[in-house]
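Everything below concerns the one structure shown next.
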Amino acid sequence: MNKPAVYPLAMRVMHWLMAALVLSLVFAGLTMVKSLGPWQQQLLAWHKAMGLLAMLAILVRLYLRLRSDTPKLPDSVPKMQQIAAKLTQLGFYILLVVMPLSGYLMQNAAGRPLELFGLPLPSLLNTDLALYGLFREIHGWAALLLVLLIVVHIIAALYHGLIKRDGVFSSMLRR
Amino acid sequence: MRYVIFAAAAGAVVAAAIYAVSFSGRAPVSAQDFVNLQQGSRLQAGFRRAHAKGFCISGEFQSSGALAAYSSAQVLQSGSYPFIGRISIAGNNPSAPDLKAPVRSLALTILPDSPQQWRTAMNTPPVLAVATPEKFYQQLLAIQNSTVPEFFAAHPEAQNFINWRNSYQPSQSFATERYHSINAFYLINAQGQQQAVRWAALPLTDDVGQITDAEATDALQQEFLSRLQQGPVRFDLQFTLATANDNPADATIPWPDTNPQLIAGTIVIEQASLQDAGACNAINFDPLVLPAGFAPSDDPILRARAAAYAESHRRRAREVLMQQVTGGANE
């Protein structure tokens, strides 16, 4: 079967928009849990709103991924690296669902109201300390895992783009 | 050449990740530093890092509607609104003697589980000794190192706090204390007009209370529970409006008695329960959980309170989760 050389336009656009969104969310999150700065609340409100947006975006992205024909890695890429690439992709999709979901549920378990542009959102959980602990820890540790995956992903992409020049990098870039 | 570029870019990515995970937001004092200092060397797993000892209360807030012109918040419109709350004493020890604590607190979540909920955590001091989180951290360090006189000497803004402390007589009951919002907030009405305010819970009883056993660690808790058996405990919730002379961002300066004051309503405490079993234990009384019609002031301490409370909440929630997981495995 013939595979395309580049990802469909919709997937490329979603990839880069979400890259910017997720990076900002991760940086904001890691900063705001430590800072006592006066802008911390602003950042928190922004993180929640953008996190809800990311929750919708990942649904669109999953839909696109499942219905699109995507390029496969060139045969020159060793088998182990092919498997690693697949696992990284899978890890991204899982984490990008887990992150906003755990964020939403930890707010529910803390009894904190959530809203999106002034519209109150339903609470799915009772206020509960252990449940808050569960989702708060998932949210925190999944974020660290996500940072690790992003680092691996960027370095691998740069490796293909700068050293190998085998078309893997441009499959997410070319017009 | 491209190897050099690759190495530089990869290095930059790794450095950015390490910075984000470890250092961003740390300086000069982080929420973790604060909570580390508050929890001290003896960890009390599952308890709040500050105000560890307390009990749950519930009842209703009977709003007079006197502040309705200043705020669109539902809790300030005339009506009755249920609350969950907590009465506590300062410190990190959940079994500390009630009568030894320097500070007592009343915290409320009015309209819990609603998008309109309002959380407030009020303390007996009306002002703080210092105005920034960094100095507050230094004050906690001074308390730990027994160098408070030197700290106060170096911080003249602490004078109002010192005056309060020297005049303060701890009462014989939680029901007869005055509890202050300390920090200022804004009320916002339907026209979008802002008014800076502080508030305080003022006791509505003449019964000074009777401590049956002054040696008992739970003396005040016992007094309150037996008082409740006679009937509800009431407080007026009084709002003080700022004038052009008051700085809402500075919690070290009391506002003049001549400022306009309005009674927003009555806090009616009807029930109390031990905190392990009570609904208040799961709640972080974050003073920045505010409904529409309220907004935080620019007081930097207020922002820092929210961040430090959140870290304390995370830690005790993790401990309670682990206790449940390991407890379940042992059964």
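The values are calculated or read from the model by the stated rules, or taken from the named source; none is laboratory data. It should be emphasised that the depicted structure is a prediction, and the values quoted were computed from it without experimental measurement. Because the Cβ atoms are built from the backbone with ideal geometry, glycine has one as well, and the counts that use them run over all protein chains shown. Surface accessibility is based on the protein's heavy atoms, side chains included, excluding ligands, DNA and RNA. Shrake-Rupley method; radii C 1.70, N 1.55, O 1.52, S 1.80 Å.
The number of residues in the range A:1-13 that are surrounded by fewer than 20 Cβ atoms within 10 Å (Cβ to Cβ) and either within 14 Å of chain B (Cβ to nearest Cβ) or in contact (Cβ under 8 Å) with a residue 12 or more places away in the chain (or both) comes to 8. Scanning the range B:197-212 for residues that are in a strand (DSSP E or B) and either modelled with pLDDT under 95 or farther than 19 Å from B:Leu76 by Cβ (or both) gives a single hit, B:Pro203.
Annotation note: Cβ proximity below 7 Å between a residue of the range B:193-205 that is without any contact (Cβ under 8 Å) to a residue 60 or more places away in the chain and a residue that is among the aromatic types (Phe, Trp, Tyr) and assigned to a strand (DSSP E or B) (sequence gap 6+ or interchain) occurs for B:Leu202/B:Phe235; B:Pro203/B:Phe235. Evaluation of A:Met99 against the conditions (1) over 24 Å from B:Val4 (Cα atoms); (2) free of Cβ contacts under 8 Å to residues at least 24 places away in the same chain; (3) of a type outside the set (Gly, Ala, Ser) shows that the sole unmet condition is (2).
Quick check on the range B:259-288: of everything there that is under 13 Å from the mean Cα position of the chain (by Cα) and under 25 Å from B:Thr243 (Cα atoms), which residue is nearest to the other protein chains (Cβ to nearest Cβ)? Please lay out each step first, then the result.
First, the residues of the range B:259-288 that are under 13 Å from the mean Cα position of the chain (by Cα): B:283-288.
Restricting the remaining residues to those that are under 25 Å from B:Thr243 (Cα atoms) gives B:287-288.
Values: B:Pro287: 11, B:Leu288: 6 Å.
So, considering only residues that are under 13 Å from the mean Cα position of the chain (by Cα) and under 25 Å from B:Thr243 (Cα atoms), the one nearest to the other protein chains (Cβ to nearest Cβ) is B:Leu288.
State all residues of the range A:155-168 that are in a loop (DSSP other than H, G, I, E, B) and surrounded by fewer than 18 Cβ atoms within 10 Å (Cβ to Cβ); if no residue qualifies, say none. Hits for the range A:155-168 are A:Arg165, A:Asp166, A:Gly167. Considering only residues that are within 7 Å of chain B (Cβ to nearest Cβ) and under 14 Å from the mean Cα position of the chain (by Cα), look in the range A:151-175 and name the one that is farthest from B:Gln323 (Cα to Cα). Going through the qualifying residues, I end up with A:Ile154. The residues of the range A:135-146 that are surrounded by fewer than 18 Cβ atoms within 10 Å (Cβ to Cβ) and over 15 Å from A:Leu90 (Cβ atoms), listed by number, are A:Glu137, A:Ile138, A:Gly140, A:Trp141, A:Leu144. Taking the criterion of being open to solvent by 10 Å² or more (accessible area, probe 1.4 Å) and of a type in the set (Phe, Trp, Tyr), the residues of the range B:65-92 that qualify are B:Tyr70, B:Tyr81.
I'm trying to understand the selection: among the residues of the range B:120-132, which are within 19 Å of B:Val103 (Cα to Cα) and within 14 Å of chain A (Cβ to nearest Cβ)? Across the range B:120-132, the qualifying residues are B:Val130, B:Ala131. Scanning the range B:170-196 for residues that are of a type in the set (A, V, I, L, M, F, W, C), under 14 Å from B:Asn247 (Cα atoms) and in a strand (DSSP E or B) yields B:Phe185, B:Ala196.
Among the residues of the range B:1-44, write down those that are of a type outside the set (Gly, Ala, Ser), closer than 29 Å to A:His153 by Cβ, under 41 Å from the mean Cα position of the chain (by Cα) and part of a helix (DSSP H, G or I). Listed by number, the residues that qualify are B:Val13, B:Val14, B:Ile18, B:Tyr19, B:Val21, B:Phe23, B:Gln32. Among the criteria (1) surrounded by 18 or more Cβ atoms within 10 Å (Cβ to Cβ); (2) modelled with pLDDT of 95 or more, the one A:Leu114 does not fulfil is (2). If we scan the range B:304-323, do we find a residue that is among the β-branched types (Val, Ile, Thr) and more than 8 Å from chain A (Cβ to nearest Cβ)? Checked against the condition, which is being among the β-branched types (Val, Ile, Thr) and more than 8 Å from chain A (Cβ to nearest Cβ), the range B:304-323 yields no hits at all.
Can you find a residue that is over 30 Å from B:Gly293 (Cα atoms), open to solvent by 30 Å² or more (accessible area, probe 1.4 Å), within 11 Å of another protein chain (Cβ to nearest Cβ) and in a helix (DSSP H, G or I) anywhere in the range A:81-88? No: the range A:81-88 contains no residue that is over 30 Å from B:Gly293 (Cα atoms), open to solvent by 30 Å² or more (accessible area, probe 1.4 Å), within 11 Å of another protein chain (Cβ to nearest Cβ) and in a helix (DSSP H, G or I). One residue alone among B:Glu134, B:Glu150 is in contact (Cβ under 8 Å) with a residue 12 or more places away in the chain, of a type in the set (Asp, Glu) and over 30 Å from B:Thr205 (Cα atoms), and that residue is B:Glu134. The test for being under 19 Å from the mean Cα position of the chain (by Cα), open to solvent by 30 Å² or more (accessible area, probe 1.4 Å), under 30 Å from B:Ala219 (Cα atoms) and touching a residue at least 60 places away in the same chain (Cβ under 8 Å) holds for B:Phe47. What is the residue count in the range B:106-119 for residues that are within 12 Å of another protein chain (Cβ to nearest Cβ) and not acidic (Asp, Glu)? Counting residues in the range B:106-119 that are within 12 Å of another protein chain (Cβ to nearest Cβ) and not acidic (Asp, Glu) gives 9. Screening the range A:26-55 for residues that are open to solvent by less than 30 Å² (accessible area, probe 1.4 Å) and touching a residue at least 40 places away in the same chain (Cβ under 8 Å) and picking the one that is nearest to B:Arg26 (Cα to Cα) gives A:Leu30.
Tallying residues that are closer than 24 Å to B:Pro296 by Cβ and assigned to a loop (DSSP other than H, G, I, E, B) within the range A:36-70 yields 4.
Would a scan of the range B:18-39 turn up a residue that is more than 10 Å from chain A (Cβ to nearest Cβ), open to solvent by 30 Å² or more (accessible area, probe 1.4 Å) and among the aliphatic types (A, V, I, L, M)?
Taking the range B:18-39 and keeping what is more than 10 Å from chain A (Cβ to nearest Cβ), we get B:35-39.
Narrowing the set further to residues that are open to solvent by 30 Å² or more (accessible area, probe 1.4 Å) leaves B:36, B:38-39.
Now drop any that are not among the aliphatic types (A, V, I, L, M), which leaves none.
No, the range B:18-39 has no match at all.
Residues of the range A:114-137 that are more than 7 Å from chain B (Cβ to nearest Cβ), closer than 13 Å to B:His313 by Cβ and aromatic (Phe, Trp, Tyr): A:Phe135 alone. With respect to the conditions (1) on the phi > 0 side of the Ramachandran plot; (2) surrounded by fewer than 19 Cβ atoms within 10 Å (Cβ to Cβ), B:Val208 lacks only one, and its number is (1).
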